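Worksheet for the structure shown next.
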Amino acid sequence: MKAVAIKAFGGPEGLSVVDLPDPEPGSGQVRIAVEAVGVGGVDVLIRSGTLSAFGFREGLVPGSEVAGTVVAVGPDTDRSWIGQRVWAFTGLGGGYAEQAIAAVEDVVPLPPGLSPAGSVTLGSSGVVAHFGLAHAHFRRGESVLVRGAAGSIGILTVRLAAHGGASAVAVTTSSAERGELLRKVGATHVLDRSGAGDGLAAYDVIIDVVAGPELPSFLGRLRPNGRLVAVGAVAGPPPADVGTALMANFRKSLTFATFSADTVPPAERRTVRVEQFAAAAAGQLPIVIHDKLPLDDAVVAHQKMDAGEVFGRIVLTP
Ligand SMILES: NC(=O)c1ccc[n+]([C@@H]2O[C@H](COP(=O)([O-])OP(=O)(O)OC[C@H]3O[C@@H](n4cnc5c(N)ncnc54)[C@H](OP(=O)(O)O)[C@@H]3O)[C@@H](O)[C@H]2O)c1
């Protein structure tokens with residue numbers, strides 16, 4: 001089969017089309033003929049080598065989110081999966097390929113009305129948005145700031161916070177045009193990347209996709225008892241003095257937390273995905289596809305990601 005592997009950490013040119021044997025599903029796994037692959041911010045971090053401390057190695061086929069048709073199952077695995085159109089989480093990689101393997105617990109049937117391309121904008125990001133807000137103990141009537149709102153996680157967080165009864169949903173983004181698109185999914189206030197603009201003085205909850213050197217300055221934008229949850233790090237890790245910024249606001253009883261969907265039990269992730277897929281099929285959740293490109297153009301997809309021109313998700317189509 002055709003796949004795309006990271007030949008060398010660094011820029012997009014380190015990605016290369018390769019021929020690999022079809023992967024064999026093990027017990028409890030399925031093999032999917034892939035029709036759509038979601039290109040996420042995490043793929044960029046893996047390709048650049050930023051996450052090598054987490055065990056990602058050169059030679060890896062990136063891609064953690066695919067959709068297509070189940071064509072084979074492993075030993076002792078329910079054969080009724082064969083022929084089903086599904087979305088799947090492929091784990092630490094293996095998605096940028098014509099065939100991918102996933103564990104049954106991470107496979108969700110696509111409802112009528114949700115395309116494979118649509119599902120890979122939603123399956124991982126929607127879970128992060130849902131459980132990230134829950135991790136922040138977000139409640140109806142509270143104000144929310146979504147930092148780095150223009151990606152899939154941010155867009156879905158904006159919509160879920162708005163539908164969940166937030167009193168205000170502010171966003172940081174790099175252009176007025178993006179701000180207008182975010183207003184369409186539920187943003188009420190649009191700020192620049194530094195947080196400047198026509199926003200509130202402070203927020204109950206900040207969901208932060210960006211992290212990086214500016215993260216401590218956002219702790220100062222929390223209301224008393226406010227919670228900032230870092231769900232991503234597209235600008236890299238925060239500086240070492242996050243704790244100093246937290247202690248400087250000691251009398252506001254702030255919380256700084258990280259959130260990874262890895263800590264959500266698979267059955268809970270699945271329940272939320274099934275609900276979100278049904279909502280998306282009914283037009284109640286936004287599906288924002290920036291571009292669809294053939295798998296051969298994975299380098300182009302990553303160049304677009306690096307150039308910061310992607311709003312929503314790029315989808316690769318093997
Ligand atoms: N918590 C979890 O379980 C989980 C699961 C999957 C992925 N992730 C993480 O989520 C992140 C990717 O999320 P995503 O795909 O939604 O994001 P994304 O599309 O890669 O980026 C989101 C937005 O952040 C803004 N941005 C980019 N670089 C920035 C910078 N240096 N400073 C300020 N803003 C910047 C950009 O918008 P503007 O240009 O409009 O500002 C961009 O559109 C990764 O860090 C990944 O590791 C977490």
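Things worth noting here:
- Selection from region 30-47 of residues that are more than 12 Å from the ligand (Cβ to nearest atom) and of a type in the set (A, V, I, L, M, F, W, C): Val30, Ile32, Ala33, Val34, Ala36, Val37
- Residues located in region 187-224, provided they are within 17 Å of Ala162 (Cα to Cα) and surrounded by 23 or more Cβ atoms within 10 Å (Cβ to Cβ): Ala187, Tyr203, Asp204, Val205, Ile206, Ile207, Asp208
- Residue identified as in a helix (DSSP H, G or I), free of Cβ contacts under 8 Å to residues at least 12 places away in the same chain and closer than 24 Å to Ala281 by Cα among Ala161, Ala129, Ala134: Ala134
- Residue satisfying all of: in region 136-174; away from the ligand (no atom under 16 Å from the Cβ) and on the phi > 0 side of the Ramachandran plot; most open to solvent (accessible area, probe 1.4 Å) among these: His137
- Among the residues here, Phe250 qualifies as among the aromatic types (Phe, Trp, Tyr), more than 25 Å from Asp43 (Cα to Cα) and open to solvent by 40 Å² or more (accessible area, probe 1.4 Å).
- Members of region 175-212 found to be assigned to a loop (DSSP other than H, G, I, E, B) and more than 9 Å from the ligand (Cβ to nearest atom), listed by number: Gly186, Ala187, Thr188, Gly195, Ala196, Asp198, Gly199, Leu200, Ala201, Ala202
- Only a single criterion out of (1) surrounded by 22 or more Cβ atoms within 10 Å (Cβ to Cβ); (2) within 18 Å of Ser125 (Cα to Cα) is not satisfied by Pro266, namely (1).
- Here Phe89, Phe56 are screened, and the one residue that is within 23 Å of Ala233 (Cβ to Cβ) and either open to solvent by 30 Å² or more (accessible area, probe 1.4 Å) or away from the ligand (no atom under 13 Å from the Cβ) (or both) is Phe89.
- Checked across region 38-48, the condition of being among the hydrophobic types (A, V, I, L, M, F, W, C), touching a helix residue (DSSP H, G or I) at 6+ places or on another chain (Cβ under 9 Å) and open to solvent by less than 20 Å² (accessible area, probe 1.4 Å) holds for at least one residue.
- Filter result (hydrophobic (A, V, I, L, M, F, W, C) and either open to solvent by less than 20 Å² (accessible area, probe 1.4 Å) or under 21 Å from Ala97 (Cα atoms) (or both)) within region 298-309: Ala298, Val299, Val300, Ala301, Met305
The values are calculated or read from the model by the stated rules, or taken from the named source; none is laboratory data. None of these values were measured; they are calculated from a predicted model. Note that we place each Cβ from the backbone using ideal geometry, even for glycine, and neighbour counts take in every protein chain shown. Areas reflect the complete protein model, heavy atoms only, side chains present, ligands, DNA and RNA absent. Shrake-Rupley method; radii C 1.70, N 1.55, O 1.52, S 1.80 Å.
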